[in-house]
Amino acid sequence: MQDSEGAVRQERQRNALEVYGARIDTTYLVRKSEVVGVNRNDLNDLIQFDGIELGLCTLGQFFLAGGLWLFIEKSLSKDFAWDALTGFCLASAILGGILWSFGFIIRTSKQGKITRIFEETTPC
């Protein structure tokens, strides 16, 4: 009994995808996906910005969290005074926010590129 069920399952898996050019219609799963063909140049453009985005967001979060944490800790102490360390912490938090914002802008432009690829593709 199990052998026939396994054979039926394997047959369904083999016939799960019907491929028509760049469009894939799934029949094995209940999920529908929109799939388009993407050329190598589009993928290289998207990959090129991944490292820059990661670096900017990572550095931005590091400076923002560290500078803000130290600034809050110094400002809540009893002997708070504006000195070089307090100014440096505040400047570090501001720099971190700016770097993170640039990383987010790059991410948004990548999402826009992906959206344009799907919008420019017309079904056959």
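Every number in this text was worked out from the coordinates using simple rules, so none of it is lab data. Just so we're clear, the structure is a prediction, and the values are computed from it rather than from any experiment. When we count neighbours, we look across all protein chains shown, and the Cβ atoms used for this are built from the backbone with ideal geometry, even at glycine.
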Practice problem: Give me the net charge of residue 67's neighbourhood, meaning all other residues with Cβ under 13 Å from the Cβ of residue 67; Lys, Arg count +1, Asp, Glu -1. | Solution: 0
Quiz item: Loop-only check: which trypsin sites (Lys or Arg not before Pro) in the range 37-91 are DSSP coil with at most 13 other Cβ within 10 angstrom?
Solution: 78
Quiz item: Which chymotrypsin sites (Phe, Trp or Tyr not before Pro) does the range 51-124 hold that lie in a coil by DSSP with at most 16 other beta carbons within 10 Å?
Solution: 80, 82
